[in-house]
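The values are calculated or read from the model by the stated rules, or taken from the named source; none is laboratory data. Nothing here was measured: the structure is a model prediction, and the numbers come from that model. In this analysis, Cβ positions are derived from the backbone assuming ideal geometry, glycine residues included, and neighbour counts consider all displayed protein chains. Protein only, heavy atoms only, side chains kept; ligands, DNA and RNA dropped before computing areas. Shrake-Rupley method; radii C 1.70, N 1.55, O 1.52, S 1.80 Å.
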Amino acid sequence: TANVAASNRKAPPGPPVMATLLAEMAGEVAAIEVEEGDRVVAGQVLERLDSARQALELRQVQSEANRIAHDVRRNETLIERRMISRDAYDRTRFGSQTQAAVVDLKRLDLDKTAIRAPYAGVITRRFIKDGQWLSREDKAFAIADFTHLQARIDVPERSAALIHAGAP
């Protein structure tokens, strides 16, 4: 028998890239955007958790950040006029920086309510259902990238000449 190899890429062949996608936030599954067998692109939303709480928390901390930013602007004028101490001005400025980080963390929490495809591929398994409660690190999907597959098959020598890449 002859050993025939076929590949649909130029890079060295290897196994398909596979991943199991886990929930990064706990919550109720609000929408499943894909099914098993669907092709997805990198960054595509696969599932969304109910994000109402995260959205409200983000609004709350953003409002506080806006208030502190206003205080910083007001204190800049007051420090120029020497009406407040440098320490009072610095505390307000550092508080603004701290609050900006809190806003970024809440924005990240809101973003984590959606599971996104880490790379282009095919959904090979769906572990979740609509309305299901997901805990952190629960399995949600399995994805695989089959674009770099390689096949090695044994065929009789008399048939080897008839086989070539792309043949049906």
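A compact table of results
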| quantity | calculated |
| --- | --- |
| Cβ-based charge dipole, the range 14-168, positive-most Cα from ALA52, ALA117, ILE153 | ALA52 |
| Structure-derived Rg and Dmax of the Cα atoms in Å: which label, when the choices are (i) 26.9, 96; (ii) 18.9, 63; (iii) 15.7, 53 | (i) |
| Within the range 22-96: Cβ-based charge dipole about Cα centre, in debye rounded to nearest 20 (Lys, Arg +1; Asp, Glu -1) | 960 |
| Share of carbon and sulfur in the accessible heavy-atom surface of the chain [1.4 Å probe, %] | 51 |
| Exposed chymotrypsin sites (Phe, Trp or Tyr not before Pro) absent - longest run of the chain, DSSP non-H/G/I/E/B, at most 14 other C-beta within 10 Å | 1-118 |
| Computed E for ALA167/LYS129 - FRET, C-beta separation, R0 41 angstrom, nearest 0.05 | 0.50 |
| Inter-label distance, nm, simple model (7 Å from Cα along the C-beta direction), ALA31/ASP104 | 2.8 |
| Near-label residues of the range 86-106 by backbone N, under 16 Å of a point 7 Å along Cα→Cβ of ARG73 | 93, 96-97 |
| Cα centre as origin, Lys/Arg/Asp/Glu Cβ charges: the chain dipole, Debye | 540 |
| Among MET83, ILE128, LEU21 the positive-end extreme of the charge dipole of the chain (Cβ point charges) | MET83 |
| Sparse-neighbourhood loop sites, trypsin sites (Lys or Arg not before Pro) in the range 78-163 - DSSP loop, at most 16 other Cβ within 10 angstrom | ARG81, ARG82, LYS129, ARG136 |
| Accessible area (Å², per residue) of the range 78-140, counting only protein heavy atoms and a probe of 1.4 Å | 68 |
| Whole-Hz couplings from phi, Karplus 6.51/-1.76/1.60, listed for the range 126-143; x for Gly and Pro | 10, 9, 10, 10, 4, x, 5, 8, 9, 9, 4, 6, 5, 5, 10, 9, 10, 10 |
| Residues with amide H under 5 Å from that of ALA26, placed H, sequence gap 5 or more | ARG136 |
| Acute angle (nearest 10 degrees) that the helix 86-111 long axis makes with the longest principal axis of the chain, alpha-carbon atoms | 30 |
| Surface accessible to a 1.4 Å probe, per residue, for the residues of the range 14-77, Å² | 60 |
| DSSP-loop GluC sites (Glu not before Pro) across the range 43-148, with at most 13 other Cβ within 10 angstrom | GLU137 |
